[in-house]
1. To the nearest 0.05, what FRET efficiency results for residue 68 and residue 164 with a Förster distance of 30 Å applied to their C-beta separation?
2. Work out the FRET efficiency for residue 16 and residue 46 from their Cβ-Cβ distance, taking R0 = 35 Å, and round it to the nearest 0.05.
3. Say we join alpha carbon atoms closer than 10 Å with springs in a Gaussian network model of the chain; which of 88, 66, 41 then has the biggest fluctuation?
4. Counting only helical runs of four or more DSSP H residues, what would the 222 nm mean residue ellipticity of the chain come to if each run contributes -39,500 (n - 2.57) and the total is spread over all its residues?
5. Give me 71, 92 ranked fewest to most by other Cβ atoms within 10 Å of their Cβ, as a rough exposure proxy.
6. What's the extension gain from residue 4 to residue 29 if we count 0.36 nm per residue and subtract their Cα-Cα distance?
7. Let me make sure I get this right: for the stretch 4-176, a, b and c are the square roots of the gyration tensor eigenvalues over alpha carbons, sorted descending. Under 1.5 in a/c it's rounded, otherwise prolate if a/b > b/c, else oblate. Which is it?
8. Run the simple label-point estimate for residue 175 and residue 136 please: 7 Å along Cα→C-beta, distance reported in nm.
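Every number in this text was worked out from the coordinates using simple rules, so none of it is lab data. None of these values were measured; they are calculated from a predicted model. In this analysis, Cβ positions are derived from the backbone assuming ideal geometry, glycine residues included, and neighbour counts consider all displayed protein chains.
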């Protein structure tokens with residue numbers, strides 16, 4: 001069972017880091033998104049075994065702090081340790097890689113981290129496959145769905161439960177095309 005104290009520290013850290021950020025295209029705080037990703041992981045743990053539940057929950061809550069905030073890598077390492085930092089770094093797009101290859105690069109790094117981080121990536125995309133922001137055009141929506149299909153194809157072997165959830169969400173997302 002995952003440690004509630006570690007959860008509380010991670011959500012407080014992430015909540016502070018994302019304090020001024022809204023979910024894109026929505027009118028609510030970004031902490032809703034990260035809580036939803038963590039909820040996907042918590043639900044997964046009810047049906048499938050995960051080796052390091054604390055790692056999965058902490059990375060679910062912290063997965064966007066490097067990419068979307070001014071949080072320093074050293075702060076994450078000092079507060080949560082190297083394993084959590086490595087998971088977050090794998091989930092973070094590498095700015096040195098061109099946009100067309102950034103997801104493939106990230107997926108390669110995610111797979112190297114293993115089951116917990118692959119599950120966080122699938123949970124993140126499940127959570128993000130909602131009604132797209134009004135300002136997205138059909139081309140952007142199609143690219144986002146194609147990325148979701150790539151994530152599914154690359155990571156489906158890490159969790160049958162999340163793979164099925166992601167596949168369902170992709171099918172539902174098609175209505176926006």
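1. 0.60
2. Computed FRET efficiency for residue 16 and residue 46 comes out at 0.75.
3. Greatest mean-square fluctuation among the candidates belongs to 66.
4. -22000 deg cm²/dmol
5. 92, 71
6. 6.8 nm
7. Because its axes are fairly even, with a/c under 1.5, the stretch 4-176 counts as rounded.
8. The two pseudo-label positions are separated by 1.5 nm.
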